[in-house]
Amino acid sequence: MIVINLDVMMAKRKMSLSDLSEKVGITIANLSILKNNKAKAIRFSTLDAICKALDCKVEDILEFRPDEKEEQK
């Protein structure tokens with residue numbers, strides 16, 4: 001499972017959703033979908049813009065967590 005830690009990075013940078021939205025050029029609604037781990041996909045250009053705005057690396061935002069079912073196999 002891929003987890004999006006956007007909320008963690010935003011908190012570390014003390015940046016609100018509306019501030020990030022303005023910097024990245026993405027609607028608050030779409031950023032909220034990412035922030036709440038409801039997204040099914042993300043464009044590389046979007047990820048690039050978010051990383052630039054938050055001054056972070058991709059791995060600060062995206063995290064892989066193995067599925068519990070797969071770990072038991």
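Each reported figure results from applying straightforward, stated rules to the coordinates on display, with no laboratory input. On a predicted model such as this, the values are computed, not experimentally measured, just so you know. Because the Cβ atoms are built from the backbone with ideal geometry, glycine has one as well, and the counts that use them run over all protein chains shown.
Cross-link partners among aspartates and glutamates for residue 38, C-alpha distance below 15 Å, same-chain residues fewer than 8 apart left out?
Counting by Cα, and skipping residues close in sequence, residue 38 has these aspartates and glutamates nearby: 7, 63.
Excluding residue 3 itself, what net charge comes from residues whose Cβ is under 14 Å from its Cβ, given Lys and Arg +1 and Asp and Glu -1?
On the way: positive: 35, 38, 40, 65; negative: 7, 59, 60, 63, 67, 68.
After counting each charged neighbour, the total is -2.
Taking the Cβ of residue 39 as the center, what net charge do the other residues with Cβ under 15 Å away carry, scoring Lys and Arg +1 and Asp and Glu -1?
Working: positive: 35, 38, 40, 43; negative: 7, 63.
That works out to +2.
Taking the highest mean first, how do the peptides 14-25, 35-46 order by number of other beta carbon atoms within 10 angstrom per residue?
14-25, 35-46
For the chain, what is the convex hull volume of its Cα atoms per residue in Å³? Walk me through the numbers on the way to the answer.
Details: hull volume 6.5 nm³, N = 73.
Each residue corresponds to 89 Å³ of Cα convex hull volume.
Go through the stretch 47-61 residue by residue and turn each phi into a ³J(HN,Hα) via Karplus (6.51, -1.76, 1.60, θ = phi - 60°); whole Hz please, and just put x for glycine and proline.
Once θ is set to phi - 60°, the couplings for the stretch 47-61 become 4, 4, 5, 5, 4, 5, 5, 9, 6, 9, 9, 4, 5, 6, 9 Hz.
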